[in-house]
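We did not get these values from a lab; they are worked out from the coordinates using the rules stated. Computed from a predicted model, the values in this text were never measured in an experiment. With ideal geometry, Cβ positions are generated from the backbone for all residues, glycine too; neighbour counts draw on all protein chains shown.
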Amino acid sequence: MADADFDVLILGAGSGGYACALRSAQLGLSVGLVEKANLGGTCLHIGCIPTKALLHAAEVADQAREAETFGVRATLEGIDMAGVNAYKDGVVSRLFKGLTGLIKGRGITVIEGAGRLTGPRTVTVGDTPYTGRHVVLASGSYARTLPGLEIDGERVITSDHALRLDRVPASVVVLGGGVIGCEFASVWRSFGADVTIVEALPRLVAVEDEASSKALERAFRKRGIGFRTGTSFQSVKHTDTGVAVTVEGGDVIEADLLLVAVGRGPVTEGLGYDEQGVTMDRGFVLADERCRTNLEGVYAVGDIVPGLQLAHRGFQQGILVAEDIAGLDPSPIDESGIPRVTYSHPEVASVGLDEARATETYGADGIETLTYDLGGNGKSQILKTQGFVKLIRRKDGPVIGVHMVGDRVGELIGEAQIIYNWEGYPDDVAPLVHAHPTQNEALGEAHLALAGKPLHAHS
């Protein structure tokens, strides 16, 4: 279909791009979806889904190793990486097949190949130009490295390579103690590797509330995961058996592998955005609260827009853009109201403001905090997990932050984000009935306590 004209032409079929495509088609718009690799993008193929499959395999390994704690006699004979990868790839494959069917069923035209923005409303794939009344830039992100740090894909690797490893390394240095670094450190430790995290910032998962970072650090220490925070990377050399990593102060850490997990950068270079006059900042595309760029009719969603690089953020932005194009006047997305989860063991989950930001915004006297320990929660005792639910509220006002640490707390973030986004007061949540025994009760108990009627918590 040369010179095809669409209502909506989308460059990139990751979470943001495909959500925009599906919602646009649902609203009766004609859609062209350009993708050089597979529908589903990073999240489905080399991000969220495969890493979480690895983390579940890691959880199963830990359960086998610790089975006797629960009175079950079992032994862990080892990790069959071929089997783990087959399980992981099977999950990805089924989801990919489902997504492909959905896209096809909605009558969306998939244009295979690398696209470039060659006009204000034109994307060229190969030699064929395609035009749209509206163009949506959704080209995603890549695994960053540091200047002078060369990725060889064998000993110095990114998360992309880590997902394809056919063996469990005996030892790993993880450069970066953010979400990706902590998740891989957690997986490899569960699989039996010696792991050391090197993080330049003062704490692990530094974007989280300080209490959450401390709890994760305690748990990692207990699991035997080493970490050096406030420590910069200096250099890496290949050795006969692996790598020697030199850090600030001259210490050398030897390991089989170095995983570089220093964040993700926007995929925008060479795609024509600059040439067409799209306003950029250090490779990112600047957009307003409705994801509109400075060019009329051109939108940007997902990891190329400054802010949280999360699949569910891109997904929601894609829906917002489709509805904006269709004239439905959707509400802008509150970035603070987007839930964040690190799927390590234990998990870290949050929504809203952390204590530092809440104090900055409302003053130390303008907020109240409450921490409910999971030690008082029946289901957490059954699961043998430790952690807490920490609430932050405006003085006599709504809850403005929920922070949780513990196994499976990522599953609690749904209720937490509703409380935050609907500006719930502790008194609104306290009367709600939470099923027993569930970890959900911990959220209920925390709100009871913050409403001044603690039952299983000390006031």
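Share of pairwise Cα-Cα distances greater than 31 Å in the chain is 48 percent (whole percent). Shape analysis of region 382-459 yields a ratio of the Cα radius of gyration to the Kirkwood radius, Rg/Rh, of 0.93.
Can you give the relative contact order of region 346-450 as a percent, counting alpha carbon pairs under 8 Å and 6+ residues apart?
Here the relative contact order equals 32 percent.
With R₀ set to 45 Å, the beta-carbon distance separating ASP334 from LEU455 gives a calculated FRET efficiency near 0.90. Applying 1/(1 + (r/R0)^6) with r as the Cβ-Cβ distance of TYR142 and ALA364 and R0 = 51 angstrom yields a FRET efficiency of 0.80.
Which value results when the Cα radius of gyration for region 110-161 is divided by 2.2 N^0.38 Å?
1.66
Here the dipole of region 42-154 is about 920 debye; that uses its Cα centre as origin and unit charges on the Cβ of Lys and Arg (positive) and Asp and Glu (negative). Take the chain, mark every one of the GluC sites (Glu not before Pro) that falls in a DSSP loop and has at most 15 other Cβ within 10 Å, then report the longest stretch left between them, sites excluded. That gives 297-422 as the longest site-free run.
Report the relative contact order of region 252-385, percent, no decimals, based on alpha-carbon pairs under 8 angstrom and at least 6 residues apart. Computed over region 252-385, the figure is 12 percent.
If you take the Cα centroid of region 284-327 and the Cα centroid of region 157-186, the two points sit 30 Å apart. The P(r) of region 1-72 has a tail past 19 Å containing 55 percent of all C-alpha pairs.
For the chain, the relative contact order comes to 15 percent (Cα pairs under 8 Å, sequence separation of at least 6).
Gyration tensor over the Cα atoms of region 156-262: the corresponding equivalent ellipsoid has semi-axes (square roots of 5 times the eigenvalues, largest first) of 21, 16, 12 Å. Note on region 91-135: the alpha carbon radius of gyration divided by the globular reference 2.2 N^0.38 Å gives 1.45. Antiparallel beta bridges, as assigned by DSSP with both residues in the chain, represent about 60 percent of the total such bridges. Coupling constants for region 307-319 follow from the phi torsions by the Karplus curve (6.51 cos²θ - 1.76 cosθ + 1.60, θ = phi - 60°), and in residue order they are x, 5, 8, 10, 4, 6, 5, x, 4, 5, 5, x, 5 Hz; glycine and proline get x. Based on alpha-carbon centroids, what's the gap between region 3-36 and region 187-244 in Å, whole number please? Answer, in whole Å: 40.
Dividing the helix sum by the residues of the chain, where each DSSP H run of 4 or more adds -39500 (n - 2.57), gives a mean residue ellipticity at 222 nm of -9500 deg cm²/dmol.
For the chain, lysine pairs with C-alpha atoms less than 20 angstrom apart, excluding pairs fewer than eight positions apart on the same chain, total 12.
The phi-based Karplus calculation (6.51 cos²θ - 1.76 cosθ + 1.60; θ = phi - 60°) puts the 3J(HN,Hα) values of region 16-25 at x, x, 6, 5, 5, 5, 5, 5, 4, 5 Hz, whole numbers, x for Gly and Pro. Charge dipole of the chain (Cα centre as origin; +1 on each Lys and Arg Cβ, -1 on each Asp and Glu Cβ, all else neutral): 720 debye, rounded to the nearest 20.
Need one word for region 263-321: rounded, prolate or oblate. Basis is the Cα gyration tensor (sqrt eigenvalues a ≥ b ≥ c); a/c below 1.5 gives rounded, then a/b vs b/c decides.
Judged from the Cα gyration tensor, region 263-321 comes out oblate (a/c at least 1.5, b/c at or above a/b).
The shape of region 303-424 can be summarised by an equivalent ellipsoid whose semi-axes, obtained from the alpha carbon gyration tensor, come to 28, 20, 12 Å from longest to shortest.
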